[in-house]
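Report on the following structure.
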Amino acid sequence: MKRRATHARPLAARAGARAGLLAGVLLLSAAGASTGCYAPQLALLKSGLDSLRTQVDTLTVRDAVSYRVLADTRDDVARQRELMLSTKASVTSSTQDMNDLLSRFDAKLDEAMHLWKVKSERSGGGISPPVVSVPPATATSTAPVTTPVTTPVTTPATAPVTPPPAATGPDPVQLYDQATLDLTQGRYGLALQGYRDLLRRFPAVDLADNAQYGAGECFFAQVAFDSAAVEYAKVPASYPKGDRVPAAMYKLSLCQDRLGRAGEARKTLEDLVRLYPNASESQLARDRIGAAKR
């Protein structure tokens, strides 16, 4: 009985070792089977992730390009808006100049027509014609006595002779009209000379503020914004009650903005709106202030 028990223990041990080895083999087989099953799916998933990453990178680059294009477009729109507002102000000013010029031409034409009418009336004025008498017949004559017959004789009337006016230099209206004509036709040097000549000869006439504003326009048209700003600033400083002050202040703000002085430009616009709320330039100023806030 003891010998049987002794042989039974090694058999049980060997059986347990075999069972453990078999379990290990089965476990390794299962692990190998699992790895072989999921490897293609992992490779496919990795490939999909790489493709998605590539698409994301492409979209990122496209977005960056789109943002740049959008920023450039906004800058172009802003520049076009500035140009439009500047052109509108210049057109308004030029229209006012031309209307003033036409009004003065109409006044001169009316004056010339009146003088011509007066001279025509004087040259055709009525002068009493001379009387020619016919003597009566003698007493022995049997012919009846006739009354004197008067025959009108037309003689040319003599118009009063007026001495020619004394030769004088051009008046301020002529100087201003010629300078404005030179400005509209692009002769900026002649226009500037004409405006300054008017200001030197007639500093206190009603057209003085217009001439000072015109001097600024000569520089503005030549993109000399620093010189234009100096001339525009003289209008409200020297002629605070002139009708060109709002236009000069608005063009001054444009010059300040072109020169990079945005703070001064905004203050000039705000002063324009505050001092002249009903001027057409004030509406342009409000538009610029609103655009700057956005």
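Nothing in this text is a laboratory measurement; each read-out follows from the coordinates by a stated rule. Quick caveat: nothing in here was measured; it's all calculated off a predicted structure. Using ideal geometry, Cβ is built from the backbone for each residue, glycine included, and neighbour counts are taken over all protein chains shown.
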Quiz item: If we scan region 255-276, do we find a residue that is in a helix (DSSP H, G or I) and under 20 Å from ASP206 (Cβ atoms)?
Solution: no
Practice problem: Just need a number here: residues in region 230-254 that are outside any helix (DSSP H, G or I) and not charged (D, E, K, R). | Solution: 3
Quiz item: Taking VAL223, is it out of contact with any Cys (no Cβ under 6 Å at 6 or more places or on another chain), under 18 Å from GLN174 (Cβ atoms) and not acidic (Asp, Glu)?
Solution: no
Practice problem: Would you check if VAL223 is outside any helix (DSSP H, G or I) and within 16 Å of the chain's Cα centre (by Cα)? | Solution: yes
Quiz item: Is one or more of the residues making up region 185-200 surrounded by fewer than 20 Cβ atoms within 10 Å (Cβ to Cβ), in a helix (DSSP H, G or I), aliphatic (A, V, I, L, M) and over 23 Å from the mean Cα position of the chain (by Cα)?
Solution: yes
Exercise. Would you please name the residue that is farthest from VAL235 (Cα to Cα), looking only at residues in region 260-288 that are loosely packed, with under 15 Cβ neighbours inside 10 Å and among the aliphatic types (A, V, I, L, M)?
Key: ALA262
